[in-house]
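First comes the structure, then the notes that go with it.
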Amino acid sequence: MGGQKNFGDTLVEEVLTDVAESFFGARKELDDLSELFMAYVERLRKEARRVEAVAGRLNHILVRSTVCREFYGMLGIDQPGPYLDSRLLSEDPRISIPFAITERGRFIKLVIRFYRELQHASETYTRGPADTDDGTGDAPVYYNLVRSMCALINEKVCRVRDGMSPACVLQYARKFDTQHGQQATVTGATVGTYAHMDSKFECRPIDFDRLDLAQFPKLPEADAVNADIIAFCKAHYPDIRTDLHGRLGQRRK
């Protein structure tokens, strides 16, 4: 009889160990994924600031907010808010002014340069770099990737949460513990007895929208709108040239 009891105790111990490892192993995996995800979120926020810095340079030489709004409207951007809200940073480095015979020519070349940089930065932020090896050894981080990571983690959360709750795990364990099982039968312990454990250990999906990550509208390729940008600059230069002259002088290396 003692041998049977020892065998039973060993079996119970093995079953309970398997249940615990399965449940808490899944929780540990989710915790690790969530930690990695939040690290990616922080890196993405830094990338957003880089896009905003480039947009700030472009907006600065367009001088007026009305001209900026018309510029993005000319490009067909219906909701340019993330670009329009960007300002030149105080720590932004000085720039090399491209050669041209006239200031208008220099202005046009600068707008084309900054727009090309902005379009590239925005595209990289949203869809990732064309070349995934940037020389740093770090995997690229971009908006669509982070959004996909969030969806995968939430899918795992739902599987773990719907598969077996903490209360169910404890109730399941009780069934294999003869001594406590008898006590539970007498006292009437049920899953509800451990329901408070669900709120303590519950896996919660990530609310992606509450992360408030920047979204930048897609910009047309620079080459496709080059002629439109030139025409826009020629049309608006006379209205802003006085202020522009001072700004270019301040920004020159």
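The set of residues in segment 34-90 that are under 21 Å from residue 248 (Cβ atoms), aliphatic (A, V, I, L, M) and in a loop (DSSP other than H, G, I, E, B) comprises 63, 88, 89. Within segment 48-66, can one find any residue that is closer than 30 Å to residue 27 by Cα and out of contact with any Pro (no Cβ under 6 Å at 6 or more places or on another chain)? Looking for residues that are closer than 30 Å to residue 27 by Cα and out of contact with any Pro (no Cβ under 6 Å at 6 or more places or on another chain), one finds none in segment 48-66, hence no. Of the helices (runs of 4 or more DSSP H) contained entirely in segment 95-193, those carrying at least 2 residues that are at pLDDT below 65 and crowded, with 18+ Cβ neighbours inside 10 Å fall at 166-176.
The values are calculated or read from the model by the stated rules, or taken from the named source; none is laboratory data. It should be emphasised that the depicted structure is a prediction, and the values quoted were computed from it without experimental measurement. Here the Cβ is made from the backbone with ideal geometry for all residues, glycine too, and neighbour counts use every protein chain on show.
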